[in-house]
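These notes concern the structure reproduced below.
The values are calculated or read from the model by the stated rules, or taken from the named source; none is laboratory data. Since we're looking at a predicted model, the values are computed, not measured. With ideal geometry, Cβ positions are generated from the backbone for all residues, glycine too; neighbour counts draw on all protein chains shown. Ligands, DNA and RNA are stripped out before the accessible areas are found, and what is left, the full protein with its side chains, is counted by its heavy atoms. Shrake-Rupley method; radii C 1.70, N 1.55, O 1.52, S 1.80 Å.
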Amino acid sequence: MRMRGFSQRAEVSTALAWVDAHTPLLAGEPVSVDEASGRVLVGDVVAPIAVPEFDRAAMDGYALRGGETTGAGDYSPLEFPLMGHAWPGRPFDGSLPQGAAIRIMTGAPVPKELDAVVPAEYASEQGGRLTITHAVAPGQHVGRVGEDIACGSVALAAGRRLRPQDAGLAASLGIAELTVVRKPRVRLLVTGNEVRAPGAPKGTYEIYDANSMTLRGLVERDGGIIESHQRLGDHPDAIEQALAAPGADVVLISGGSSVGAEDHAPRLLEKLGELAIHGIAMRPSSPAGMGLIGHALVFLLPGNPVSCLCAYDFFAGRAIRRLGGRSAEWPYRPLRAVVSRKIVSQVGRVDYVRVKLGTEGVEPLALSGASMLSTTTRADGFVIAPAESEGFGPGSEVTVFLYECL
């Protein structure tokens, strides 16, 4: 079989537009509130109760009528008869005449006759009587009904990616289950007769599978779940069967994405569905591609480790994030910095340049081959040089995307 080159390469913007056009939000599924952190809400969470549902003490002290404390001070203490106490979950039971007070703990119900709490540090008690040296206004140190969340209000809005405190808020409303966007199911296929699993014996000219580990971590980061993981060698029948099997929302195939004799994936994708894009004007990752088999998105990721990472981050990761309701944008913290050594690029292609941050600014790594995965571990992040750019000269300000994930 003869080798052939790409007749043309799609622009990165065209590939991104294709991804965005084929990534509708997945359906919702119910999950327990204690498993909801990190998931994306399908609909608004409307508060079924108020928080708090009753007037409650905001601190330990003594509940009384605020208007009856006027004039209290260090040199003019006021006394009140103590009529009892209130604890969280155990309210005071009885009536309270004018001029009376009760002992109260934080979170305990404030009796309807009383309207303020004197903090314990401004009070003392002896022989059933309370002495205070500090005046409080009506309502002071009391949490009112609905002060935190009003009954019937939107407590959490649809589309929100839930943080631990959001799940806690839902729990505080008595909600045991939330409807969230289903996690995209991702099938991971690794090709190459020379590829061996880490820890397995290998020959001199064979290599260990690094891409699977990288992609697993990236899929988890982006909210996907691995549906299956298969190492297939370069066997067309096995690759075809794995591509055609139902059950995945996204299929990632690592290796065999180019135009060589053993690059079966593009041909099989075209046979089974649609090869929408093959070859992209970028470096690395120019042999990347994408298409559809039924409703499943298929991404052809180059076998070289940096190319694989780059193509995933640009296209497959974006798709997984969008399907799962997350932001499509880079999940890396951006940092503006000044270039200290020229970043070289070529007009007509997008360059993904690994860089280090030094005392004098940003500089590209001296070695930046697509097979050198260590460049991504030695780099602090990467800079994207757009297709219309010849790079960035010293003194230019650029955006560095740090490899530390958000």
Checklist outcome for this item: Probe 1.4 Å, heavy atoms of protein chains only: per residue, the accessible area of the chain in Å² is 48 Å²
Item to check | Cα→Cβ-extended label distance, 7 Å offset, between E194 and E329, nm | outcome: 4.0 nm
Checklist entry - Suppose every K and R has +1 on its Cβ and every D and E has -1 on its Cβ; what is the size of the dipole of segment 182-228 about the Cα centre, in Debye to the nearest 20? => result 260 debye
Checklist outcome for this item: On the formula 1/(1 + (r/R0)^6), with r taken between the Cβ atoms of R378 and M59 and R0 of 60 Å, the FRET efficiency rounded to 0.05 is 0.70
Item to check | Hull volume in cubic angstrom per residue (convex hull over the Cα atoms of segment 70-216) | outcome: 242 Å³
Item to check | Potential lengthening between L357 and A387 on full extension [0.36 nm per residue; Cα-Cα distance subtracted] | outcome: 8.5 nm
Item to check | Two-decimal ratio, the chain, of alpha-carbon radius of gyration to 2.2 N^0.38 Å | outcome: 1.46
Next on the checklist: Under 8 Å for C-alpha pairs, at least 6 residues apart: give me the relative contact order for segment 41-194, rounded to a whole percent.
Outcome noted: 38 percent
Item to check | Estimated D of segment 165-304 in µm² per second, where Rh is the Kirkwood radius over Cα pairs and Stokes-Einstein applies at 20 °C, 1.002 mPa s | outcome: 130 µm²/s
Item to check | Angle between the chain longest axis and helix 211-221 axis [Cα atoms, degrees, rounded to 10] | outcome: 30 degrees
Checklist entry - To the nearest 20 debye, what charge dipole does segment 1-101 have about its Cα centre, counting +1 at the Cβ of each Lys and Arg and -1 at the Cβ of each Asp and Glu? => result 860 debye
Checklist entry - For segment 1-156, with the dipole built from +1 on Lys and Arg beta-carbon atoms and -1 on Asp and Glu ones, taken about the Cα centre, which of I132, T23, V110 lies farthest toward the positive end? => result T23
Next on the checklist: Given points 7 Å out from each Cα along the Cα-Cβ axis, report the A21 to E113 separation in nanometres with one decimal.
Outcome noted: 7.4 nm
Checklist outcome for this item: For segment 224-308, averaging the sequence separation of alpha carbon pairs under 8 Å that lie six or more residues apart and dividing by its residue count, the contact order in percent is 29 percent
Item to check | DSSP beta bridges in the chain [antiparallel fraction, %, rounded to 5] | outcome: 70 percent
Checklist entry - Hey, if you put +1 on the Cβ of every Lys and Arg and -1 on every Asp and Glu Cβ in the chain, which of T179, S13, A158 ends up farthest toward the positive end of that dipole? => result S13
Checklist entry - Per residue and in cubic angstrom, what volume does the convex hull of the Cα atoms of segment 1-146 have? => result 252 Å³
Checklist outcome for this item: Rounded to a whole %, the carbon-and-sulfur portion of the accessible area of the chain at a 1.4 Å probe is 52 percent
Next on the checklist: So if I place +1 on the C-beta of Lys and Arg and -1 on the C-beta of Asp and Glu, and nothing else carries charge, what would the dipole magnitude of the chain be about its Cα centre? I want it in debye, nearest 20.
Outcome noted: 1180 debye
Item to check | Sorted peptide list for 270-276, 98-104, criterion being average Cβ within 10 angstrom, highest first | outcome: 98-104, 270-276
Item to check | Selection from L243, L189, G168, by position along the positive dipole direction of segment 156-279 (Cβ) | outcome: G168
